[in-house]
Amino acid sequence: MVAACALSGPAAAQDLSGSRQSFEKPSNDRIILGIGSAATPVYQGADSYRVLPLPAIDIAQGPIFANFRNGIGVNFVARPKLTLGSSITFMPGYRRRDVPDGIGRLSSGAGARAFASVSSGGLIATVGATQGFVGSTRGFVADASLSYPIIASRKLILTPSIATSFADRRHSDRYFGVTDEEAQASGLAPWQGKAGFKDASVLLTAIYRLDGRFSLSGSVGATTLLGRTATSPLVAHKTLPTGFLSLTYRLSR
């Protein structure tokens, strides 16, 4: 949810390969590289946005992979209907200038991730869990998503998705919390996070194959903060849209 990269929200889940494979035939090996741009809140619940230029990466060589959704890791099981793997993935923070005056910055970091993906009847269900170990909150986040790739034509695939995530107390408190010292400095009320469901998202991804190697990809979606998380004084907007656009090149067919 390198995951990609610096995104927090549904655009992080985009899969550049189409339905995790090529349009015409399954392929466990691929190298897809490109450039992209994301419009995303400066942090979850923020009152402002920024546009980020981002690399677009989706690499799979045997069991080794690097992609937006799961980071860099290894698939221990890679079957047509079942994937099990683990990885190191990016966990975003926020800059001091992005939060209200008096609130400290949260450094970006990394987490150890485990995930499972099951395909049945055209649906793809994915569950994952990430434990931060450096930077960011060093908390625990679990996620679940359901997507349905639709091959609309020989060149176009559309994938609607829904997702939700759960965060432990440490993650919620360090990402959305306001300490007594920060409350005095900012004028906001003190706030402590608790474990619970953090957000829910909807996403629509379109991948259009320009030719045998070049593809144009785009995602639009929205994320809504849930439960106690939505009551944090740092949250200016409970629901926020996101978007991502990229042009990619497949090095091998």
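Structure notes:
- Residue match in the range 164-180 (condition: closer than 27 Å to Leu216 by Cα, assigned to a strand (DSSP E or B) and under 18 Å from the mean Cα position of the chain (by Cα)): yes
- Given (1) closer than 20 Å to Gln44 by Cβ; (2) among the small types (Gly, Ala, Ser); (3) open to solvent by less than 50 Å² (accessible area, probe 1.4 Å), number of the condition Ser108 does not satisfy: (3)
- The set of residues in the range 53-99 that are surrounded by fewer than 17 Cβ atoms within 10 Å (Cβ to Cβ) and closer than 21 Å to Leu225 by Cβ contains only Arg95.
- Among the residues making up the range 220-240, those that are part of a strand (DSSP E or B) and surrounded by 17 or more Cβ atoms within 10 Å (Cβ to Cβ) are Val220, Gly221, Thr223, Leu225, Leu240.
- In the range 129-142, the residues that are farther than 19 Å from Leu225 by Cα and modelled with pLDDT of 95 or more: Gln131, Gly132, Phe133, Val134, Arg138
- Selection from the range 172-202 of residues that are open to solvent by less than 30 Å² (accessible area, probe 1.4 Å) and closer than 30 Å to Leu123 by Cα: Gly196, Lys198, Asp199, Ser201
- For the range 207-215, the criterion of being closer than 30 Å to Leu247 by Cβ, of a type in the set (Val, Ile, Thr) and more than 16 Å from the chain's Cα centre (by Cα) is met by at least one residue.
- Neighbours by Cβ (under 6 Å, 6+ apart or cross-chain): first from the range 110-124, among the hydroxyl-bearing types (Ser, Thr, Tyr); second open to solvent by less than 50 Å² (accessible area, probe 1.4 Å): Ser117/Thr83; Ser117/Thr126
- Residue in the range 143-164 that is over 30 Å from Ser215 (Cα atoms) and at pLDDT 95 or above present: no
- Any chance Ser119 is in contact with a strand residue (DSSP E or B) (Cβ under 8 Å, 6 or more places away or on another chain) and open to solvent by less than 30 Å² (accessible area, probe 1.4 Å): yes
- Candidates are the residues of the range 150-161 that are open to solvent by 30 Å² or more (accessible area, probe 1.4 Å) and not polar (S, T, N, Q); the one that is farthest from the chain's Cα centre (by Cα) is Arg154.
This table checks each residue for (1) touching a Gly at 6+ places or on another chain (Cβ under 8 Å); (2) among the hydrophobic types (A, V, I, L, M, F, W, C); (3) on the phi > 0 side of the Ramachandran plot.
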{"position": "Ser119", "(1), (2), (3)": "no, no, no"}
{"position": "Gly128", "(1), (2), (3)": "no, no, no"}
{"position": "Ser136", "(1), (2), (3)": "yes, no, yes"}
{"position": "Asp143", "(1), (2), (3)": "yes, no, no"}
{"position": "Leu146", "(1), (2), (3)": "no, yes, no"}
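- Residues that are modelled with pLDDT of 95 or more and charged (D, E, K, R) within the range 237-253 comprise just one, Lys238.
The values are calculated or read from the model by the stated rules, or taken from the named source; none is laboratory data. If you're wondering where the values come from, they're calculated on a predicted model, not measured in any experiment. All Cβ positions, glycine included, derive from the backbone under ideal geometry; neighbour counts span all protein chains shown. In case anyone asks, the SASA skips ligands and DNA or RNA and just uses the protein heavy atoms, side chains included. Shrake-Rupley method; radii C 1.70, N 1.55, O 1.52, S 1.80 Å.
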